[in-house]
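This structure is in structure tokens; I'll ask about it shortly.
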Amino acid sequence: MKIFHRHPRADSLRIRELLIEGNKANIVATAGLIAFGRGEAFDYLLGERTIKSAKQAIKTAAALILVAEHPVLSVNGNVAVLVPRYIAELTKITDTKVEVNIFYRSAKREKIIRDFLLKAGVGEVLGTEKNYQVRLDEIQSERRIVDKRGILKADVVLVPLEDGDRTEALVKMGKKVIAVDLNPLSRTAQKASVTIVDNIVRAMPLLIRYIRQLRNYRKETLKRIINGYDNQRILKEALVHINQRLTLQRGKAPLNPQKDFFLKPGEMRSFPSSLAQDR
Ligand code: PTJ
């Protein structure tokens, strides 16, 4: 599909196209298209930009990756198609290992994602070789199968577009978990050690920039950044930001959503009341 660059939703349309193409290539799960719909709605509320609190989370994530002994980036279908070049760059400028770990798991899809990442310039992709796979009892979903050389021994795990169960389990195992999730209310966002409330397509390039900036800093300085970070405050700031944007919109809204859209149980109306008055 041709996307006009001046279209007000051009970025969003481009992401949709990438995901649709990725779905046709069996990289993105069908549910991955729905997952982006949810993310997109939150991005709209955030104003489709990296807010100040997200920048602070990204800076802390950069510091965490730099002080880590075994940092690992867990890649699913959506993440693979949206930011392949930045995944490759992250592995070049840090010791981060890349592991394919998917929710809608099939050996065939894992290998397709691995090959896609290798083609994008990632040197080594973990997670697909049976002899290195182990099962984590702490996790219920198919994501429990992890690589001995990767997530199992990681001290810092970056988990973009994640489900809550695994984040909680990884934190319980003593790992620092960095989540990227546009929904500040999701269980992943609430449970992670550092939550980047931003679109992965904006967060990854900025993470790379912060890593380049911080990599010559002394470890003590990086640790100070990490120790001064408060994830609950960052989440609250994202919610305050959304709330302020919604409050500013009030008064401009043509309909009163409380009055017009929330029906009582059993009530069925074909038209919102304010429209019905005009008929
Ligand atoms: O490739 P698989 O099989 O591992 O499946 C991947 C999906 C994404 C389908 C799977 O992890 C899933 O079902 O995720 P959820 O539970 O829908 O959660 C996805 C979260 O990511 C939601 O909270 C969305 O708001 C958020 N999200 C979606 N797109 C983006 C995003 N966050 C940041 N950037 C995005 N582009």
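The values are calculated or read from the model by the stated rules, or taken from the named source; none is laboratory data. Just so it is clear, the model here is predicted, and its values are computed rather than measured. As a convention, Cβ positions derive from the backbone with ideal geometry for all residues, glycine included, and neighbour counts pool all protein chains shown.
Can you find a residue in the range 158-179 that is under 30 Å from E237 (Cβ atoms) and surrounded by fewer than 14 Cβ atoms within 10 Å (Cβ to Cβ)?
Within the range 158-179, one or more residues are under 30 Å from E237 (Cβ atoms) and surrounded by fewer than 14 Cβ atoms within 10 Å (Cβ to Cβ).
While we're here: Restricting the search to the range 95-111, which residues are more than 16 Å from the ligand (Cβ to nearest atom) and surrounded by 19 or more Cβ atoms within 10 Å (Cβ to Cβ)?
Hits for the range 95-111 are T96, K97.
What tally of residues in the range 193-231 results from selecting those that are farther than 12 Å from A57 by Cβ and not hydroxyl-bearing (S, T, Y)?
If we filter the range 193-231 for residues that are farther than 12 Å from A57 by Cβ, which is where we start, we get 199-202, 204-205, 208-209, 211-224, 227-228.
Subset that is not hydroxyl-bearing (S, T, Y): 199-202, 204-205, 208-209, 211-216, 218-220, 222-224, 227-228.
Within the range 193-231, residues that are farther than 12 Å from A57 by Cβ and not hydroxyl-bearing (S, T, Y) number 22.
What number of residues in the range 41-58 are farther than 13 Å from R9 by Cα, in a loop (DSSP other than H, G, I, E, B) and within 12 Å of the ligand (Cβ to nearest atom)?
Number of matching residues: 1.
Another question, if that's okay. Restricting to the range 213-222, name every residue that is in a loop (DSSP other than H, G, I, E, B) and farther than 12 Å from I65 by Cβ.
Matches in the range 213-222: N216, Y217, R218.
Can you tell me which condition I102 does not meet? The list is (1) within 16 Å of the chain's Cα centre (by Cα); (2) closer than 19 Å to L182 by Cβ, and all the others hold.
(2)
Out of curiosity, is R143 of a type in the set (K, R), part of a helix (DSSP H, G or I) and surrounded by 17 or more Cβ atoms within 10 Å (Cβ to Cβ)? Before you say what the answer is, go through the steps one by one.
On the way: of a type in the set (K, R): yes; part of a helix (DSSP H, G or I): yes; surrounded by 17 or more Cβ atoms within 10 Å (Cβ to Cβ): yes.
For R143, the condition - of a type in the set (K, R), part of a helix (DSSP H, G or I) and surrounded by 17 or more Cβ atoms within 10 Å (Cβ to Cβ) - is met.
In addition: Quick one: which strands (runs of 3 or more DSSP E) sit completely within the range 155-212 and have at least 1 residues that are touching a Ser or Thr at 6+ places or on another chain (Cβ under 9 Å) and within 17 Å of F103 (Cβ to Cβ)? Let's see the steps before the verdict.
Values: elements: 156-160, 176-180, 194-196.
The qualifying strands (runs of 3 or more DSSP E) are 156-160, 176-180.
Given the criteria within 16 Å of the ligand (Cβ to nearest atom) and surrounded by fewer than 24 Cβ atoms within 10 Å (Cβ to Cβ), does I211 qualify? Reasoning before the result, please.
Working: within 16 Å of the ligand (Cβ to nearest atom): no; surrounded by fewer than 24 Cβ atoms within 10 Å (Cβ to Cβ): yes.
Taking the combined requirement at face value, the residue does not satisfy it.
Can you pull out every residue in the range 83-114 that is farther than 24 Å from L207 by Cα and either without any contact (Cβ under 8 Å) to a residue 12 or more places away in the chain or not in a loop (DSSP other than H, G, I, E, B) (or both)?
Of everything in the range 83-114, those that are farther than 24 Å from L207 by Cα and either without any contact (Cβ under 8 Å) to a residue 12 or more places away in the chain or not in a loop (DSSP other than H, G, I, E, B) (or both) turn out to be S106, A107, K108, R109, E110, K111, I112.
Considering (1) surrounded by 13 or more Cβ atoms within 10 Å (Cβ to Cβ); (2) at pLDDT 75 or above; (3) part of a helix (DSSP H, G or I), say which one Y229 fails and leave the rest.
It is condition (3) that Y229 fails.
Please state which of the following conditions L118 fails to meet, knowing it meets all the rest: (1) modelled with pLDDT of 95 or more; (2) within 14 Å of the ligand (Cβ to nearest atom); (3) surrounded by fewer than 23 Cβ atoms within 10 Å (Cβ to Cβ).
For L118, the failing item is (2).
Take K191 and tell me if it is away from the ligand (no atom under 16 Å from the Cβ) and of a type in the set (D, E, K, R). Before the answer, list the steps.
Numbers: away from the ligand (no atom under 16 Å from the Cβ): no; of a type in the set (D, E, K, R): yes.
So K191 does not fit the description; no.
A further question follows. I'm checking my understanding of the structure. Among residues of the range 72-86 that are away from the ligand (no atom under 12 Å from the Cβ) and crowded, with 24+ Cβ neighbours inside 10 Å, which one is farthest from A31 (Cα to Cα)?
Per the criteria, the residue is V72.
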